[in-house]
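The values are calculated or read from the model by the stated rules, or taken from the named source; none is laboratory data. No experiment lies behind these values; they were computed from the predicted model shown. Neighbour counts are summed over all protein chains in view; Cβ atoms, including those assigned to glycine, are modelled from backbone coordinates with ideal geometry.
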Amino acid sequence: MTSRGLPARVHKSVSDTGVWVSDLHDFLGTNMKILWWSLAAALILAGLVTVWLPIPTGVPLLALGMIVIVGTNRSAARMLRSRRRKTPPLNDAITWVEDRSPLRFARILKRTRPRKK
């Protein structure tokens with residue numbers, strides 16, 4: 001019983017649920033990360049293969065692969081932010097892409113904008 005006279009909260013054990021929720025979350029989180037990184041690798045490889053074709057598919061595929069990596073990895077986002085700070089033409093190009101991309105992609109790229117000091 002708690003001080004208010006309410007019954008104390010009972011936590012479910014392994015025997016009640018069969019699996020710890022945190023273990024399930026860790027398992028799904030790891031597999032989702034593998035899935036996203038595999039998708040990014042496939043997009044980048046497809047972009048590298050098709051960049052030389054007359055149909056303009058290589059650069060957008062490379063950009064999508066980069067967006068997936070930046071969206072799933074904080075250190076990649078920090079690295080891109082640092083590179084954008086040091087290279088104004090790159091920052092201008094990515095800002096141009098931010099303004100013309102769908103909201104989901106633009107939101108990921110806007111997280112990499114150089115911070116004001």
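Structure data summary
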item	result
Hits in segment 7-57 (condition: at pLDDT below 80 and within 23 Å of Phe105 (Cβ to Cβ))	Gly29
Those residues of segment 63-93 which are of a type in the set (Val, Ile, Thr) and out of contact with any helix residue (DSSP H, G or I) (no Cβ under 6 Å at 6 or more places or on another chain), in sequence order	Thr87
Evaluation of Val97 against (1) at pLDDT 90 or above; (2) under 15 Å from Arg113 (Cβ atoms) (one fails), failing number	(1)
Scope segment 41-81; condition hydrophobic (A, V, I, L, M, F, W, C), surrounded by fewer than 16 Cβ atoms within 10 Å (Cβ to Cβ) and part of a helix (DSSP H, G or I); matching residues	Ala41, Ala42, Leu45, Leu48, Val49, Val59, Met79
Candidates Arg84, Arg115, Arg104 - the one that is touching a residue at least 24 places away in the same chain (Cβ under 8 Å) and either exposed (fewer than 11 other Cβ atoms within 10 Å of the Cβ) or of a type in the set (Ser, Thr, Tyr) (or both)	Arg115
Neighbours by Cβ (under 9 Å, 6+ apart or cross-chain): first from segment 32-61, among the basic types (Lys, Arg); second part of a helix (DSSP H, G or I)	Lys33/Thr72
